[in-house]
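The values are calculated or read from the model by the stated rules, or taken from the named source; none is laboratory data. Here the structure is a predicted model, which means the values were calculated and not measured. No Cβ is skipped: glycine too gets one built from the backbone with ideal geometry, and neighbour counts run over all protein chains shown.
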Amino acid sequence: MTQSATRAAALRALLAKPELAVMPCCFDGLSAKLVERAGFPVTFVSGFAVSAARLGLPDTGLISYGEILDSARDIVAATTIPVIGDGDTGYGNAVNVKRTVKGYAQAGLASVMIEDQVWPKRCGHTRGKAVVDRAEAVARIRAAVDARDEVRAEGGDILILARSDARGTDGLDEGLRRMEAFAEAGADILFLEAPKSEEEMRAFCQATDRPTLANMLEQGETPILMVSPGIRPFVRSVIERFRPLTVVMSQNEIHPKAKIMTLDQI
């Protein structure tokens, strides 16, 4: 079994559990090691964070496929937990999407996120973003799923995390329609970016039987409700984007192992 297949299997097992999984982001081998050492079962290679740490530039489509892939290889080599990679829009047309998925699988990533923004894209919690039409968005996900199936036929594996930013540009109904279409196209995990309330989060999660993801950050659009009783049964994975070494939950709860260093302690 290849490294990507092993880690993809571990991610599937994690998503099959009923509890929420907190997923801090990372941007290099050291930050990924700290995430794993703190006891978290999965991490996410954040394009926002890699762009900031590697280039000193904002998340506005300035970082390339090769640069993200290079960082992802270092992160996979430094860890044993499943790693999800930010694939942005796939860096081009359907052929590029397939290349991105296969390249991430070869690097050992357990999953790749593909989104529906217009390129150059930007952070999902900022203004001025735009999305492609629904047909093009679904075509990207179909291309990613085709590439996943080809990877599996060769003995590897990778999960497709399908993201839509349509909530912020076209409203919740369009975002939910895209989530349904992505699921029908074969996506393994669904991610509706920037819902604005607990009610919207619940509506999204109740509309699908697929594992779902929420991106929660300080001063972001989505409320931080990691352990809310109404959300816990539905949301299977939560991103902590900006603080890969710390996790703050409501009700004064922290990660059960509680061996987490703050940035000023390093």
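Using the structure shown, decide if residue 103 is touching a residue at least 12 places away in the same chain (Cβ under 8 Å), crowded, with 23+ Cβ neighbours inside 10 Å and closer than 24 Å to residue 211 by Cα.
Details: touching a residue at least 12 places away in the same chain (Cβ under 8 Å): yes; crowded, with 23+ Cβ neighbours inside 10 Å: no; closer than 24 Å to residue 211 by Cα: yes.
The answer is no for residue 103.
Would you be able to say whether some residue in segment 219-226 is on the phi > 0 side of the Ramachandran plot and at pLDDT 95 or above? Walk me through it before giving the result.
Residues of segment 219-226 on the phi > 0 side of the Ramachandran plot: 219.
Narrowing further to those that are at pLDDT 95 or above: none.
No, segment 219-226 contains no residue that is on the phi > 0 side of the Ramachandran plot and at pLDDT 95 or above.
Among residues belonging to segment 110-149 that are in a helix (DSSP H, G or I) and among the basic types (Lys, Arg), point out the one that is surrounded by the fewest Cβ atoms within 10 Å (Cβ to Cβ).
Our first condition is that a residue be in a helix (DSSP H, G or I); within segment 110-149, this holds for 134-149.
Now narrow it down to the ones that are among the basic types (Lys, Arg): 134, 140, 142, 148.
Working: 134: 17, 140: 26, 142: 19, 148: 25.
Residue satisfying both the conditions and the ranking: 134.
Looking only at residues that are in contact (Cβ under 8 Å) with a residue 40 or more places away in the chain and either in contact with a Leu (Cβ under 9 Å, 6 or more places away or on another chain) or among the small types (Gly, Ala, Ser) (or both) in segment 45-70, which one is nearest to residue 80 (Cα to Cα)? If you could, list the steps in order and put the result at the bottom.
Here is the first cut: in segment 45-70, the residues in contact (Cβ under 8 Å) with a residue 40 or more places away in the chain are 45-49, 58-62.
Add one more test, that the residue is either in contact with a Leu (Cβ under 9 Å, 6 or more places away or on another chain) or among the small types (Gly, Ala, Ser) (or both), and what stays is 45-47, 49, 61-62.
Values: 45: 14, 46: 18, 47: 21, 49: 21, 61: 29, 62: 29 Å.
Residue satisfying both the conditions and the ranking: 45.
Residue by residue through segment 152-173, note down the ones that are charged (D, E, K, R) and over 20 Å from the mean Cα position of the chain (by Cα). Outline the logic, then answer.
Taking segment 152-173 and keeping what is charged (D, E, K, R), we get 152, 154, 157, 163, 165, 167, 170, 173.
Residues satisfying the conditions are 152, 154, 170, 173.
Of all residues in segment 112-128, count the ones that are at pLDDT 70 or above and either β-branched (Val, Ile, Thr) or under 16 Å from residue 138 (Cα atoms) (or both).
The total comes to 8.
How about segment 1-109: which strands (runs of 3 or more DSSP E) wholly inside it have at least 1 residues that are closer than 22 Å to residue 193 by Cα and among the aromatic types (Phe, Trp, Tyr)? Walk me through how you get there before you give the answer.
Values: elements: 21-26, 43-45, 83-86.
Where strands (runs of 3 or more DSSP E) fall fully within segment 1-109 and carry at least 1 residues being closer than 22 Å to residue 193 by Cα and among the aromatic types (Phe, Trp, Tyr), they are 43-45.
Any residue that is of a type in the set (Ser, Thr, Tyr), modelled with pLDDT of 90 or more, surrounded by fewer than 22 Cβ atoms within 10 Å (Cβ to Cβ) and on the phi > 0 side of the Ramachandran plot - is there at least one of those in segment 80-91? Can you show your working first?
First, the residues of segment 80-91 that are of a type in the set (Ser, Thr, Tyr): 80, 89, 91.
From what's left, modelled with pLDDT of 90 or more: 80, 89, 91.
Those left that are additionally surrounded by fewer than 22 Cβ atoms within 10 Å (Cβ to Cβ): 80, 91.
Of the ones still in play, those that are also on the phi > 0 side of the Ramachandran plot are 91.
Yes; the residues of segment 80-91 include at least one that is of a type in the set (Ser, Thr, Tyr), modelled with pLDDT of 90 or more, surrounded by fewer than 22 Cβ atoms within 10 Å (Cβ to Cβ) and on the phi > 0 side of the Ramachandran plot.
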